[in-house]
1. With a cut-off of at least 1 residues that are over 21 Å from the mean Cα position of the chain (by Cα), name the helices (runs of 4 or more DSSP H) lying wholly within the stretch 152-244.
2. Go through the stretch 170-206 residue by residue and tally those that are of a type in the set (K, R) and either crowded, with 21+ Cβ neighbours inside 10 Å or more than 24 Å from S140 (Cβ to Cβ) (or both).
3. Would you mind finding the one in L491, L503 that is in contact with a helix residue (DSSP H, G or I) (Cβ under 9 Å, 6 or more places away or on another chain) and surrounded by 22 or more Cβ atoms within 10 Å (Cβ to Cβ)?
4. From A484, A480, A465, grab the single residue that is under 14 Å from V311 (Cβ atoms) and either surrounded by 24 or more Cβ atoms within 10 Å (Cβ to Cβ) or outside the structural domain of A187 (by TED's automatic domain parsing) (or both).
5. Could you check the stretch 318-352 and list, in sequence order, the residues that are part of a loop (DSSP other than H, G, I, E, B) and either of a type in the set (D, E) or buried (at least 22 other Cβ atoms within 10 Å of the Cβ) (or both)?
6. Looking only at the stretch 260-310, which residues are closer than 29 Å to A361 by Cβ, among the charged types (D, E, K, R) and in contact with a strand residue (DSSP E or B) (Cβ under 6 Å, 6 or more places away or on another chain)?
7. Those residues that are in contact with a Ser or Thr (Cβ under 8 Å, 6 or more places away or on another chain) and crowded, with 18+ Cβ neighbours inside 10 Å, I need them from the stretch 517-536; list them, please.
8. Only one of (1) without any contact (Cβ under 8 Å) to a residue 60 or more places away in the chain; (2) part of a loop (DSSP other than H, G, I, E, B) is not met by R449, so which one is it?
Amino acid sequence: MLRISVHSLFHSILRRPHLLRSLIRHLHNHNLNQLWIARRCLVHACQVRDTLSQTVATLPSSSSGGSCRQLRRRARGSEKIFRNRDPEHEPLLTTMGSAGEAAFGRPLAFLVGCVQRPSVSTATPRKSRERIRMCRQPESHVIRVVGAGVAGLATALAVLHLDAGSKRVVRRVLIYDQAENETQLLADAGAALNLNGGVAVLQRLGLLERLRDAGITNSSATSTLVNGEGNERQLFRIDFSRFRDKARSLVAKDGKQVTLCIMRKALLALLLNAVLQDPRAEIKYGAKLKGCREDGVLEFADGSVSEPCTVCIGADGIRSSVRAFVLNKKIGDRPIYTNIRVVFAIGPKRSRIESHRADDAELKQYFSDRFFMLCFTGGCGPGVCQDIVALVFRDKSADFENPSYRRWDEEAVKKDALERIAQITVPADVRKCLQHADQWISIPVFQRRPIRQWSRGRYVLVGDAAHASAPFLGQGANQAIQDAYCLATELVSKLDSESYTDLEPAFRRYTTKRFLPTTKIIIESVLIGSIEAPAGALGVIFRNALFSMLGRLGVPEKVYVSGALPRV
């Protein structure tokens, strides 16, 4: 008794309608092929015709003709006829074989999956399998990215860039973000980013010149101790120009280093424009993820659901919903508050050309008794920049949480920060920036414990969703961009292969490459943060003595280079 698998048939039809039309047309026109299919599948041609007519289209009875007994006699010699077939039949047979192999993993399974009979062998000679593989139609895939931050946009861009050849396997890349529109997405972008290894990776995606136009190339980083009388003593200095000899991967092809500072809003705008230049990309706003299904269907807070996809990339930050699905809501997996808060005081935009300062390219770090400050200038577009001061101090209150900056009372944040500053001696350039700041952002520092499971089924994590770390090495965005390129490389290579349905090996290689570098960053950030923002007077004394000694030994430069080097 024959068993019809209508679901399998329609699944293949939806994905490859052109193959179905070709198959029905040739079954109607070539009785030879119909007999050969009947012989190989151990069913009669009339049964093949009847099965297809029940699900797809009606074929004329004359195309098979005769009784089953007559068909059985005629089919005995069909394989001999097949071996001596005319060249005109070759495209049909290879197309049918391609459809079967692509849809069900073995030749002719397109029909075998629709008209099944127990204990039937569907083996194909080796030469036929090789011919089928060579003629196999390329598959097209849909990739969904949850989160339009640095990690999400960089991943989408890397996938589109690496799949830009003549043989494209990715049909669409859909990006989802809970922001209501592009304006809100960029308005909630936060402060500035120091990029190094991330720039080296984005250079491979053709964005180096645009990054240089939008950001400010850094020349050096200095660390200075400020005592109660206002006296300053330099602890160490890192000269980025020395990377030409010590870190070639941080040097561009033109010989210039690839370390720069850029406002996060400017970087997001740059990445977003680059992604949307590809017609395969689309971003959907107002999409707050509620849940995930095993088949790649996403559920959103407004009740809508997505279609199934080949891959879903979780780039939705430290409080990732995709991560909760990947880890199956593992107990204890939650962000950890470090008891440290960072307040960003951002000055108004100014022209880099009209009011250029020689120290715009220098990162300045100041240590005091109560907290430390980082003063730098971030580019926010061609010829425009903003001055920024980051105040880092201990605070056990975790009232504020990322990433909803809009709900904060900037006046309250400003008042609290200035009251703290009034208790210490502040360098003149820092105080000037604080006085002119027109935007204040307070961010509590959270981090995640390292995990080894970054994927589950067709879901995979990138950026903070996989390995959120404290910002004391300035590597959050850099590591997210490296994740993006590494994952895209493995993913595009896998989707272009015959075994594209099994994504686990590609995800495993990606996780293996990125786990140790990101775990190292997490551990070092925790250690450095505990030293830079000590809890008491003894901690301050220890920090000052330690940094003085390490500065003389050149350790800070080694730590910086180690974290900045791209590992993809």
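The values are calculated or read from the model by the stated rules, or taken from the named source; none is laboratory data. Note that this is a predicted model, so its numbers are computed, not measured. So basically every Cβ, Gly included, is an ideal-geometry build from the backbone, and we count neighbours across all protein chains shown.
1. On the way: elements: 182-187, 197-204, 208-214.
Hits in the stretch 152-244: 182-187, 208-214.
2. Step one: list which residues in the stretch 170-206 are of a type in the set (K, R), which gives 171-172, 204.
Subsequent filtering for residues that are either crowded, with 21+ Cβ neighbours inside 10 Å or more than 24 Å from S140 (Cβ to Cβ) (or both) retains 204.
The qualifying residues number 1.
3. On the way: L503 fails: surrounded by 22 or more Cβ atoms within 10 Å (Cβ to Cβ).
That would be L491, the only listed residue that is in contact with a helix residue (DSSP H, G or I) (Cβ under 9 Å, 6 or more places away or on another chain) and surrounded by 22 or more Cβ atoms within 10 Å (Cβ to Cβ).
4. Working: A480 fails: under 14 Å from V311 (Cβ atoms); A465 fails: under 14 Å from V311 (Cβ atoms).
Among A484, A480, A465, only A484 is under 14 Å from V311 (Cβ atoms) and either surrounded by 24 or more Cβ atoms within 10 Å (Cβ to Cβ) or outside the structural domain of A187 (by TED's automatic domain parsing) (or both).
5. S320, D333 - these are the residues of the stretch 318-352 that are part of a loop (DSSP other than H, G, I, E, B) and either of a type in the set (D, E) or buried (at least 22 other Cβ atoms within 10 Å of the Cβ) (or both).
6. The one that is closer than 29 Å to A361 by Cβ, among the charged types (D, E, K, R) and in contact with a strand residue (DSSP E or B) (Cβ under 6 Å, 6 or more places away or on another chain): R264.
7. T518, I521, I522, S525, G529
8. So R449 meets the others, but not (1).
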